[in-house]
Amino acid sequence: MINERILILDFGGQYNQLIARRVRECNVYSEVHPYTMSLDDIKKFNPKGIIFTGGPNSVYDHESPTISKDIFELGIPILGICYGAQLMAYLLDGKVEKAKVSEYGKTKIETNSSSFLFDQIDSSTIVWMSHTDCISKAPNGFTVTAYSKDCPIAAMENHRLKLFAVQFHPEVLHTEDGMKIIYNFLYHICHCHGDWKMKDFSNEIIESLKKKIGNGKVLCALSGGVDSSVAAVLLSKAVGKQLTCVFVDHGLLRKNEGDEVEKIFGSHGNYALNFIRINAQERFYKKLSGIIDPEKKRKIIGEEFIRVFEEIANEIGEVDYLVQGTIYPDVIESGLGKSAVIKSHHNVGGLPLVVHFKEIIEPLRSLFKDEVRKLGLELGIPNHLVYRQPFPGPGLGIRIIGEVTESKIKIVQDADAIYQEEIKKAGLDQKIGQYFAALTNMQSVGVMGDERTYAYAIVLRAVTTSDFMTADWFRIPYDILDIISRRIVNEVPGVNRVLYDCTSKPPATIEFE
Ligand code: XMP
């Protein structure tokens, strides 16, 4: 049961789901809707507060997203962020102009402590700015509550009308008091009580899945990873035996992984799922033969996945829905929002255009990885599965730089198994967010015994991260690296060199392709 809701109106900014997530972290339910939502629908939604997101446009351009001024008359507290702040100023007859100096990055602001928004926050605090326009004149009735060196109106408010605006991004972790600002808006301005918990979310999704699917048949793409496992368990709770989970072994899995997944989810496993394992290795290898472009590899693997599912669906007959464990970072990094394409995640951007299912259901689409894990625990999925490292859908296909061949797959599987084993032995497993071995496309000269070798270099990757959108490289102690490197070179034929990747994300990404 949801009592308190925050409505997030999306003006096209890149951090919109992050805002929703921050609100959830404060135990308040929120939904992101397009800025075109009608006033009637907004009233029906009955929000305790509204947040206008940022966006890439200038409010004074004709085509820019806008909203009816009547929204300010509803008496519902509104927080405008960045573009949302400028829009509020513009619509209420303030002034927005191109800033003399664009601010980007960490910026010091001075705040007015009597503002509810800045309650319990130092008068001088660091925020994350990212703007080329700025509010140059606040609307009548508004007070300026914060400023920076180059931004005279970094925050403003009309307390009587419950309208608040910040030029910076409180939702981004670089804004040191960002969470407090959001908390202040929710609790001191919207008077929320924090009645939302992950348990509610889980029940709501299950209920809405039941309603949507009715008597329909559902296929779930199960990889054994956290995301698809959580999606599968959600679906099995919603529609039980109407669900069939299909595990495609594309031959690009970690060593022994196919058998392990079958052990957990198959007929002898812990879950009452219809489980089908498809051994499709040959099919994938054939399609990947000769392909070196990373995006092509991703698209081929994604498309082949879908084809396999379609075939199974046809065999089962009358399958209406396909379920995927897509999570929010997959969606934005595949460029389905407005941000640039970084990689086509195989379960999103790699989808071919013609998909023969009535619909694809992605119940985790708005969640971040750590939220999916919390949801998994809530659903009773055991710890070791929930905290399993993420493994990308295209698997070793994107951890082998250049052409994928069976012999390269064997090399990277064996090296990775040694790496995993030694990291666990050293007790570092839970301290590292994700770690794996990849095969560079580089061969170089070495000497083993008295023989010259010309063999591949394995690269080791290990990162810490909270949301996989940014990551820092993990400092594995040298003596552990030494053990791993020696073992890999000695035990894996075809490798004579081990490299360690010490790049964070950005500028690198976690995977190599
Ligand atoms: P990148 O390499 O983009 O990875 O920094 C971020 C996280 O996403 C995982 N990843 C994927 N997961 N399908 C997935 O399900 C994919 O195509 C894919 N590509 C990357 C990656 O392992 C890391 O955890």
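Identify all residues within the stretch 166-197 that are open to solvent by 20 Å² or more (accessible area, probe 1.4 Å), touching a Lys or Arg at 6+ places or on another chain (Cβ under 8 Å) and assigned to a helix (DSSP H, G or I); write none if there are none.
Hit for the stretch 166-197 is 179, nothing else.
Kindly indicate which of 50, 42, 78, 67 is farther than 17 Å from residue 186 by Cα, at pLDDT 95 or above and open to solvent by less than 10 Å² (accessible area, probe 1.4 Å).
Numbers: 50 fails: farther than 17 Å from residue 186 by Cα; 78 fails: farther than 17 Å from residue 186 by Cα; 67 fails: open to solvent by less than 10 Å² (accessible area, probe 1.4 Å).
Criteria check complete, one pass: 42.
Got a sec? Which of 239, 218 is in a strand (DSSP E or B) and under 20 Å from residue 315 (Cβ atoms)?
218
Please verify whether residue 489 is assigned to a helix (DSSP H, G or I), open to solvent by less than 50 Å² (accessible area, probe 1.4 Å), among the aliphatic types (A, V, I, L, M) and away from the ligand (no atom under 16 Å from the Cβ), treating the condition exactly as stated.
On the way: assigned to a helix (DSSP H, G or I): yes; open to solvent by less than 50 Å² (accessible area, probe 1.4 Å): yes; among the aliphatic types (A, V, I, L, M): yes; away from the ligand (no atom under 16 Å from the Cβ): yes.
Judged against the criteria, residue 489 is a match.
Could you list all residues from the stretch 274-299 that are in a strand (DSSP E or B) and open to solvent by 70 Å² or more (accessible area, probe 1.4 Å)?
279
Could you please give the count of residues in the stretch 431-452 that are open to solvent by 80 Å² or more (accessible area, probe 1.4 Å) and not hydrophobic (A, V, I, L, M, F, W, C)?
5
Quickly run through the stretch 362-406 and pick out the residues that are over 30 Å from residue 212 (Cα atoms), open to solvent by 10 Å² or more (accessible area, probe 1.4 Å), part of a loop (DSSP other than H, G, I, E, B) and away from the ligand (no atom under 16 Å from the Cβ).
Result: 403, 405.
Going residue by residue through the stretch 219-227, is there one that turns out to be modelled with pLDDT of 90 or more and open to solvent by 30 Å² or more (accessible area, probe 1.4 Å)?
No; the residues of the stretch 219-227 include none that is modelled with pLDDT of 90 or more and open to solvent by 30 Å² or more (accessible area, probe 1.4 Å).
So residue 200 fits all but one of (1) open to solvent by 10 Å² or more (accessible area, probe 1.4 Å); (2) in contact (Cβ under 8 Å) with a residue 60 or more places away in the chain; (3) outside any helix (DSSP H, G or I); what number is the exception?
(3)
Just checking, does the stretch 144-161 include any residue being modelled with pLDDT under 95, aromatic (Phe, Trp, Tyr) and open to solvent by 10 Å² or more (accessible area, probe 1.4 Å)?
No.
Scan the stretch 415-433 for residues that are in contact with a Phe, Trp or Tyr (Cβ under 9 Å, 6 or more places away or on another chain), within 18 Å of residue 498 (Cβ to Cβ) and not hydrophobic (A, V, I, L, M, F, W, C) and jot them down.
Matches in the stretch 415-433: 416, 419, 420.
Name the one entry in 455, 462, 426 that is within 16 Å of the ligand (Cβ to nearest atom) and surrounded by 14 or more Cβ atoms within 10 Å (Cβ to Cβ).
So the residue among 455, 462, 426 that is within 16 Å of the ligand (Cβ to nearest atom) and surrounded by 14 or more Cβ atoms within 10 Å (Cβ to Cβ) is 462.
Regarding residue 19, is this residue surrounded by 18 or more Cβ atoms within 10 Å (Cβ to Cβ) and in contact with a Lys or Arg (Cβ under 9 Å, 6 or more places away or on another chain)?
Numbers: surrounded by 18 or more Cβ atoms within 10 Å (Cβ to Cβ): yes; in contact with a Lys or Arg (Cβ under 9 Å, 6 or more places away or on another chain): no.
No; evaluated as a whole, the condition is false for this residue.
Can you tell me which residue within the stretch 492-513, out of those that are more than 16 Å from the ligand (Cβ to nearest atom) and among the aliphatic types (A, V, I, L, M), is most open to solvent (accessible area, probe 1.4 Å)?
499
Which one is nearest to the ligand (Cβ to nearest atom), of the residues in the stretch 465-486 that are in contact with a helix residue (DSSP H, G or I) (Cβ under 8 Å, 6 or more places away or on another chain) and at pLDDT 95 or above?
Ranking the qualifying residues of the stretch 465-486, first place goes to 476.
Across the stretch 1-28, what is the total count of residues that are out of contact with any Pro (no Cβ under 8 Å at 6 or more places or on another chain) and at pLDDT below 90?
7
Residues that are in contact (Cβ under 8 Å) with a residue 60 or more places away in the chain: list the strands (runs of 3 or more DSSP E) wholly contained in the stretch 49-165 that include at least 1 such residues.
49-52, 78-81, 95-111, 124-137, 155-158
The values are calculated or read from the model by the stated rules, or taken from the named source; none is laboratory data. Quick caveat, the model's predicted, so the values are computed rather than measured. Neighbour counts run over all protein chains shown; Cβ positions are idealised from the backbone, glycine included. Just the protein is used for accessible areas: all its heavy atoms, side chains included, with ligands, DNA and RNA removed. Shrake-Rupley method; radii C 1.70, N 1.55, O 1.52, S 1.80 Å.
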